[in-house]
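The values are calculated or read from the model by the stated rules, or taken from the named source; none is laboratory data. This is a predicted model, so every value here is computed, not measured. Cβ placement follows ideal geometry from the backbone for every residue including glycine, while neighbour counts extend to all protein chains displayed. Calculation scope for accessible area: heavy atoms of the full protein, side chains included, ligands and nucleic acids excluded. Shrake-Rupley method; radii C 1.70, N 1.55, O 1.52, S 1.80 Å.
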Amino acid sequence: MTANSNASAGILSVLHETRLFSPPPEFSATAHIKSLDHYRELYRQSVESPEKFWGRQAEAELVWSKRWDEVLQWEEPFARWFVGGQLNVSVNCLDRHLGTPAANRAALIWEGEPASDDKPGEERTLTYQQLHHEVCRFANVLKRNGLKAGDRVIIYLPMVPEAAIAMLACTRIGAIHSVVFGGFSAQSVADRIHDSTAKMVLTADGGFRRGAVVALKRNVDDALKLTDSHGNLLAQTVEKVIVLRRAALEALPMEPGRDVWWHEELSKVDAHCPAEPMDSEAPLFILYTSGSTGKPKGIFHTTGGYLLGAKLTSRYVFDLRDTDVYWCTADVGWVTGHTYVVYGPLANGATSFMYEGAPNHPEPDRFWRIVEKYGITILYTAPTAIRAFMKWGEAWPRKHDLSSLRLLGTVGEPINPEAWMWYHKIIGGARCPIVDTWWQTETGTIMITPLPGATPTKPGSATLPFFGVVPEVVDDQCQPVPRNTGGKLVIRKPWPSMLRGLWGDPRRYEQVYWSDVRGSYFTGDGCRQDEDGYFWIVGRIDDVLNVAGHRIGTAEVESALVSYPSVAEAAVVGRPDEMKGQALVAFVTLKTGVRPSPDLRQQLRDHVAKEIGAIAKPDDIRFAEALPKTRSGKIMRRLLKQVAAGTEIKGDTTTLEDLNVLARLTASSDE
Ligand code: PRX
């Protein structure tokens with residue numbers, strides 16, 4: 001079974017899957033949404049009278065310090081939700097649970113990476129009461145160090161409770177956080193500081209990853225020294241760096257006046273920190289993600305609409321209840337970690353489990369040990385992880401009692417039906433519903449998903465839209481396509497947790513998302529709707545690849561390659577990969593006089609890791625004498641994709657400038 005997409009020749013979807021799994025009756029009996037009819041009725045209300053629906057939800061679900069005047073102001077493509085309202089995210093995630101039975105419930109349960117199976121990782125549990133205390137103290141640290149409402153702050157931390165504490169502390173005082181994944185390089189940190197003009201960086205001496213220490217503070221030091229092409233410091237707006245001691249690295253240089261220790265600062269403050277009432281439309285966070293041009297996009301979300309979406313989707317999609325121990329395995333550096341490790345679960349008073357380490361360190365049963373030990377009831381992970389578990393073999397999960405699990409989820413890329421079935425049988429014991437959730441950094445929250453007590457599932461389909469979401473599949477002329485025909489996935493109506501723009505660049509926001517299909521938000525994904533109205537995502541149709549569940553812009557990798565002195569030109573395309581979904585293949589031409597070599601290949605991979613981060617390293621680098629181009633000079637990626645995949649070259653080559661280039665490329669691809 002394969003799924004295929006090709007933007008210019010229309011989108012082909014050839015996945016045929018007929019298995020249907022109804023929600024188990026015992027699950028539906030106690031679920032928040034118990035039947036498809038119940039879902040359909042609520043969905044109908046949400047799209048027929050969205051303002052009434054969302055106004056009612058906002059009133060019931062969130063604590064406001066000032067009520068809004070208007071539910072929605074919509075001037076395409078700019079939305080404002082709950083206009084005039086004021087609230088604070090940390091109040092909604094913490095204070096509101098104090099004085100209720102949730103106060104002494106675990107908000108976060110954390111386990112650090114173990115050194116070995118005999119040396120388990122550290123464990124910490126923070127109740128809502130304790131988390132509130134820690135967030136208030138750290139919010140006072142931020143204030144003491146000069147951070148104010150509206151200021152931007154970079155969070156570059158490992159998966160430790162302090163990452164969540166830092167995010168919530170920012171929201172308490174109204175500062176805008178931008179979390180940078182710990183796997184990104186100094187250059188990426190500098191670029192993000194520069195784009196967001198951040199005043200402060202929160203980091204750690206180091207983080208643990210598969211037994212090694214990632215030197216985060218050193219990367220920050222390097223980032224703060226980097227310059228642009230005019231010799232100006234990229235990160236010149238940074239005034240303070242607050243450093244968490246995590247890895248106990250010896251002799252860490254601290255710059256006087258700029259760098260301070262987290263624990264020393266905490267000793268100087270108390271835990272009294274009134275929350276700042278924030279405008280519903282005040283920016284909450286910026287998260288950078290790959291686009292189809294070289295420059296990452298600073299997607300920003302605002303306060304009221306985002307929080308409402310995070311809370312409602314968490315409750316209904318994961319059917320959250322007080323007794324759950326819910327584990328979303330995403331790092332807080334990604335949007336999934338924002339919405340479904342921190343804000344969504346905490347707004348619901350749920351228990352969110354956080355793990356610092358990798359799934360196969362020290363052994364490939366790490367996740368299953370955790371499920372057994374903590375009695376995890378809901379597990380939310382990525383298809384790429386599931387495929388890795390399949391490869392390591394079912395003996396590892398079989399060693400553990402996984403009977404506490406009652407619900408499974410996936411996110412990040414299409415899940416192939418084989419992986420879905422394995423997850424269902426081996427992890428879920430054929431008893432747990434699976435929610436395959438489609439959404440994006442831009443959408444803020446889950447958009448297309450089963451509701452586990454209501455929606456019959458089909459392996460590989462994200463099924464039906466969440467409340468208030470109006471997706472449609474259209475052709476290149478923006479016309480809706482018939483059922484079972486591939487097309488572009490668009491969203492027809494604004495929704496509360498939608499991105500409000502690209503930081504500092506409203507024009508690019510309009511151009512990237514709202515110019516392709518008039519009157520609609522364009523997702524960049526290809527999709528098909530089947531005879532039951534179920535949505536089947538077939539993957540990206542722009543020049544963005546999905547590698548192991550992470551979006552990587554080919555242009556970004558290309559510009560990193562071209563910045564290496566011996567490279568003349570580079571083109572990066574995707575090749576289907578069993579484990580990662582897609583692998584990155586780079587075609588590189590060298591400057592005159594430079595000879596290809598295995599060493600150079602390694603240097604280029606290291607260079608990309610330095611420029612962007614290890615996640616963007618090409619899996620394969622092929623040196624070419626020239627790249628296939630159209631007569632107008634455009635690189636013919638369609639042909640390169642076929643060369644990369646080793647498939648027969650098909651389709652029109654009449655615009656190709658020099659046919660010999662292609663012949664040489666296919667011949668050289670075996671080297
Ligand atoms: O292509 C879709 C894919 O991941 C993209 C969004 O990536 P990102 O912003 O990094 O967010 C990932 C986590 C929300 C989408 O445009 N994608 C995400 N979830 C699914 C998916 N593709 C198919 N099925 C999914 N469930």
Across (1) within 12 Å of the ligand (Cβ to nearest atom); (2) surrounded by fewer than 22 Cβ atoms within 10 Å (Cβ to Cβ), L499 clears everything bar (2)
Strands (runs of 3 or more DSSP E) within segment 32-141 that include 1 or more residues in contact (Cβ under 8 Å) with a residue 12 or more places away in the chain and open to solvent by 50 Å² or more (accessible area, probe 1.4 Å): 70-75, 78-83, 123-127
Just name the residue that is nearest to the ligand (Cβ to nearest atom) out of those in segment 371-384 that are open to solvent by 20 Å² or more (accessible area, probe 1.4 Å) and assigned to a helix (DSSP H, G or I). T384
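In the set V562, V547, which member is within 16 Å of the ligand (Cβ to nearest atom) and β-branched (V, I, T)?
V547
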What's the number of the only condition in (1) touching a residue at least 60 places away in the same chain (Cβ under 8 Å); (2) more than 12 Å from the ligand (Cβ to nearest atom); (3) of a type in the set (S, T, Y) that Y513 fails to meet? (2)
Here, strands (runs of 3 or more DSSP E) confined to segment 534-626 with at least 3 residues that are farther than 23 Å from L489 by Cα are 567-577, 581-590, 620-623
Residue under evaluation A190, criteria (1) touching a helix residue (DSSP H, G or I) at 6+ places or on another chain (Cβ under 7 Å); (2) assigned to a strand (DSSP E or B), criterion not met: (2)
Return yes or no: is E611 closer than 30 Å to N416 by Cα and acidic (D, E)? no
Residue list for segment 564-587, restricted to those being more than 18 Å from T293 (Cα to Cα) and touching a Lys or Arg at 6+ places or on another chain (Cβ under 9 Å): P565, S566, V567, A568, R575, E578, M579, K580, G581, Q582, A583
I'd like the residue in segment 386-416 that is within 15 Å of the ligand (Cβ to nearest atom) and assigned to a helix (DSSP H, G or I) and, out of all such residues, is most open to solvent (accessible area, probe 1.4 Å). R387
Candidate set: segment 142-178, residues that are within 24 Å of the chain's Cα centre (by Cα) and open to solvent by 20 Å² or more (accessible area, probe 1.4 Å); chosen: the one farthest from T289 (Cα to Cα): E162
All-but-one check, W368 against (1) of a type outside the set (S, T, Y); (2) away from the ligand (no atom under 16 Å from the Cβ); (3) within 26 Å of P456 (Cα to Cα); (4) without any contact (Cβ under 8 Å) to a residue 60 or more places away in the chain, failing number (3)
Hey, which of the strands (runs of 3 or more DSSP E) in segment 221-318, taking only ones fully inside, have at least 1 residues that are more than 26 Å from T381 (Cα to Cα)? 240-244, 259-261, 283-289
Going through (1) closer than 29 Å to W327 by Cβ; (2) touching a Phe, Trp or Tyr at 6+ places or on another chain (Cβ under 7 Å); (3) open to solvent by 10 Å² or more (accessible area, probe 1.4 Å); (4) not hydroxyl-bearing (S, T, Y) one by one, D195 fails only at (1)
Sole miss for N360 among (1) at pLDDT below 95; (2) within 14 Å of the ligand (Cβ to nearest atom) is condition (2)
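Any idea which of D331, D324 is out of contact with any helix residue (DSSP H, G or I) (no Cβ under 8 Å at 6 or more places or on another chain), in contact (Cβ under 8 Å) with a residue 24 or more places away in the chain and either of a type in the set (D, E, K, R) or over 28 Å from Q86 (Cβ atoms) (or both)?
D324
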Selection count, segment 417-440, where residues are part of a loop (DSSP other than H, G, I, E, B) and open to solvent by 10 Å² or more (accessible area, probe 1.4 Å): 6
Do we have D505 as surrounded by 19 or more Cβ atoms within 10 Å (Cβ to Cβ) and either more than 16 Å from the ligand (Cβ to nearest atom) or modelled with pLDDT under 95 (or both) here? no
Any hit, segment 332-340, residues being within 16 Å of the ligand (Cβ to nearest atom), aliphatic (A, V, I, L, M) and crowded, with 23+ Cβ neighbours inside 10 Å: yes
Please work out which one of (1) assigned to a loop (DSSP other than H, G, I, E, B); (2) surrounded by 13 or more Cβ atoms within 10 Å (Cβ to Cβ) is the condition L640 fails and give its number. (1)
